[in-house]
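The values are calculated or read from the model by the stated rules, or taken from the named source; none is laboratory data. Bear in mind the structure is a predicted one, so any value in this text is a computation, not a measurement. Here Cβ is always computed from backbone atoms with ideal geometry, including for glycine, and neighbour counts include all displayed protein chains.
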Amino acid sequence: MWLRDALVAVGARNIRHRGAHRFVFRLGRTRKEREEIKLGLTALRPYPKQPDPEPAPA
């Protein structure tokens, strides 16, 4: 309960977002080994520059 009271006291609020970002690193001993590794992942959307807008009231 102390955490809820502390969050209210500082004016904290929940912000909805689309989820965490995923980062992938190629591992290899040399640059050539790293460049030969195909990741097979595509970006789903560009990196966000600001939080998602607030959801519409239900």
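Remarks
- Residue check for Ala12: part of a loop (DSSP other than H, G, I, E, B), surrounded by 10 or more Cβ atoms within 10 Å (Cβ to Cβ), at pLDDT 85 or above and not hydroxyl-bearing (Ser, Thr, Tyr): yes
- Checklist (1) modelled with pLDDT under 70; (2) exposed (fewer than 10 other Cβ atoms within 10 Å of the Cβ) applied to Asp52, failing item: (2)
- Contact map, the stretch 1-28: residues that are touching a residue at least 24 places away in the same chain (Cβ under 8 Å) paired with residues that are part of a loop (DSSP other than H, G, I, E, B), Cβ distance under 7 Å, separation 6+ or inter-chain. Pairs shown: Ile15/Pro51; Arg16/Asp52; Arg16/Pro55; His17/Pro51; His17/Asp52; Arg18/Asp52.
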